[in-house]
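Trainee: Take this structure first; my questions come after.
The values are calculated or read from the model by the stated rules, or taken from the named source; none is laboratory data. If you're wondering where the values come from, they're calculated on a predicted model, not measured in any experiment. Using ideal geometry, Cβ is built from the backbone for each residue, glycine included, and neighbour counts are taken over all protein chains shown.
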Amino acid sequence: MSRRAHFNHESDMNRRSVLQAIGGLGTLAALPMSLGPTHASFAATLTADAAREPRLVSIHGSVTEVVYLLEAQHMLVGTDTTSTHPAAANRTPKVGYLRQLSAEGLLSLKPNAVLGTDEAGPPEVLAQLRQAGVPLRLVSVKHRFEDLLEKVKLAGEATQRPSAAQALSADLQKRWQATQQKVARRNAASPGNAGPRVLFIMAHGPAPMLAGTDTGAHAMLSYAGARNAMAEVSGWRALNAESAVQARPDWIVTTQESVAALGGLPKFWQLPGLGMTPAGRQQRVLSFDTMALLGFGPRMPATLEDLQQGLA
C-alpha cells in the first residue's frame, strides 16, 4: 500500500473507548441537558476561588489538549479515557469514559470545575455533580471549527489564562484559514470535479458503523471537499455488504483504532462488502488518530490538510 493510502501512526489498544466519545452512535447519541452556569457566573466562581489553584477534570480529549497547550496541565487532577494526547495525558488519573461517568469517582478528586462537551453523561451523574456544587462547563457540539474556539475560550477561563487562550485562538484561526485556502486552491485546480466519494467506517466496537450526516466525520469530509457516500443517512448506520456496495466509495476513511481493533489492514478489508467497492479493489484507505480527526481539537487544521492531501 502507498504511503498516501495509509497514514501509519502509532496505535494504542487502550484507546478504543474514544469511539463513543466522538462518534455519536445512534444509541449513544448526545442527550439534551442543561449546561449549568453561564460563562459570567462560572468566571465569578473561579474568581471567588482564586485563593487556591484550580483543580480541573477534563472529560473530553480535545479540551485536555487545549489545557496542555495553555501550559496548565498541572491543574488537571483527572481526565477521561478519550484524553490520550499528548502522551502525558495518559498518566493523569482517569474518571472513565465521558458518557459513563461516575459521580463518586469525579467527586473523590475534589474538582472545582469539570470541563467537556455536551456529549457527557449520564444525565443523573451530571445532576449529582451540580447538586454537589461542582461547576460543570460543557461546550455544545455542532461539528464546526467554531467548536474548537469555544473549547479554547472555556479552558482559558477555567485555567485563569485568558490572554494565553486568546493568543492560542488567534493562532488556530490563522492556521485554519491557511488550511481552508489550500483546500480551496486544490479543488479549484480540478474544475468540474465533484470530489471523491468517501465511506467513513468506525470499527472500534463489535459492530462496524458508517457515518452519515450530522456526524463529525461528515463535517470533516465536507471541509476536505469530499462527498460523503452515506450522505442520505442521518447519524450512524451499521455496516453491511449491501450498504457498502451501494455506497460505491472511491476511498475509505477510518481511524487507526479501527484498524488496530480489527487486527490490521488485511482484516479490515474483510469487512462485509468492502472488497466489491472501487475503494476496495484499489485498496484505497486513509486512517487517522480518532481524536485528531473527529475531536474538533487543536490538531484539526493539520489533520484536515492531511485528509485533503490523502484524497487528492
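Trainee: For segment 105-117, give me the residue count where each residue is within 17 Å of Thr82 (Cα to Cα), surrounded by fewer than 21 Cβ atoms within 10 Å (Cβ to Cβ) and modelled with pLDDT of 95 or more.
Mentor: Within segment 105-117, the subset within 17 Å of Thr82 (Cα to Cα) is 105-106, 114-117.
Narrowing the set further to residues that are surrounded by fewer than 21 Cβ atoms within 10 Å (Cβ to Cβ) leaves 105.
When the remaining residues are screened for being modelled with pLDDT of 95 or more, the result is none.
Of the residues in segment 105-117, 0 are within 17 Å of Thr82 (Cα to Cα), surrounded by fewer than 21 Cβ atoms within 10 Å (Cβ to Cβ) and modelled with pLDDT of 95 or more.
Trainee: Sticking with this one: Run Pro196 past the list (1) over 25 Å from Ala302 (Cα atoms); (2) in contact with a Leu (Cβ under 6 Å, 6 or more places away or on another chain) and report the number of the one that doesn't hold.
Mentor: Going through the list (1) over 25 Å from Ala302 (Cα atoms); (2) in contact with a Leu (Cβ under 6 Å, 6 or more places away or on another chain), Pro196 breaks only (1).
Trainee: Out of Ala167, Ala155, I need the residue that is over 15 Å from Val63 (Cβ atoms), part of a helix (DSSP H, G or I), modelled with pLDDT of 95 or more and not hydroxyl-bearing (Ser, Thr, Tyr). Which one? Please lay out each step first, then the result.
Mentor: Details: Ala155 fails: over 15 Å from Val63 (Cβ atoms).
That would be Ala167, the only listed residue that is over 15 Å from Val63 (Cβ atoms), part of a helix (DSSP H, G or I), modelled with pLDDT of 95 or more and not hydroxyl-bearing (Ser, Thr, Tyr).
Trainee: While we're on this one: Restricting attention to segment 89-104, which residues are assigned to a helix (DSSP H, G or I) and surrounded by 17 or more Cβ atoms within 10 Å (Cβ to Cβ)?
Mentor: The initial filter retains those residues of segment 89-104 that are assigned to a helix (DSSP H, G or I), namely 89-91, 103-104.
Answer for segment 89-104, where residues must be assigned to a helix (DSSP H, G or I) and surrounded by 17 or more Cβ atoms within 10 Å (Cβ to Cβ): Ala89, Ala103.
Trainee: Among the listed residues Ala219, Ala261, which satisfies the condition of being buried (at least 19 other Cβ atoms within 10 Å of the Cβ), within 25 Å of Arg144 (Cα to Cα), in the same structural domain as Asp306 (by TED's automatic domain parsing) and in contact (Cβ under 8 Å) with a residue 40 or more places away in the chain? Let's see the steps before the verdict.
Mentor: Numbers: Ala261 fails: within 25 Å of Arg144 (Cα to Cα).
Only one candidate passes the filter, namely Ala219.
Trainee: Can you find, within segment 180-216, the residue that is farthest from Asp250 (Cα to Cα) among those that are among the β-branched types (Val, Ile, Thr) and crowded, with 21+ Cβ neighbours inside 10 Å?
Mentor: Thr215
Trainee: On to the next question. What's the total number of residues in segment 264-312 that are surrounded by fewer than 20 Cβ atoms within 10 Å (Cβ to Cβ) and at positive phi?
Mentor: The number of residues fulfilling the criteria is 3.
Trainee: Among the residues of segment 155-210, how many are under 30 Å from Ala238 (Cβ atoms) and within 21 Å of the chain's Cα centre (by Cα)?
Mentor: Here is the first cut: in segment 155-210, the ones under 30 Å from Ala238 (Cβ atoms) are 194-210.
Now drop any that are not within 21 Å of the chain's Cα centre (by Cα), which leaves 198-210.
The number of residues fulfilling the criteria is 13.
Trainee: I want to confirm something. Restricting to segment 118-136 and keeping residues that are assigned to a loop (DSSP other than H, G, I, E, B) and in contact (Cβ under 8 Å) with a residue 40 or more places away in the chain, which single residue is surrounded by the most Cβ atoms within 10 Å (Cβ to Cβ)?
Mentor: To start, the set of residues in segment 118-136 that are assigned to a loop (DSSP other than H, G, I, E, B) comprises 118-122, 132-135.
Add one more test, that the residue is in contact (Cβ under 8 Å) with a residue 40 or more places away in the chain, and what stays is 118-122, 135.
Details: Asp118: 18, Glu119: 24, Ala120: 26, Gly121: 18, Pro122: 15, Pro135: 19.
It comes out as Ala120.
Trainee: Follow-up. If I filter segment 137-160 down to residues being surrounded by 19 or more Cβ atoms within 10 Å (Cβ to Cβ) and among the basic types (Lys, Arg), which single residue comes out as nearest to Leu126 (Cα to Cα)?
Mentor: Arg137
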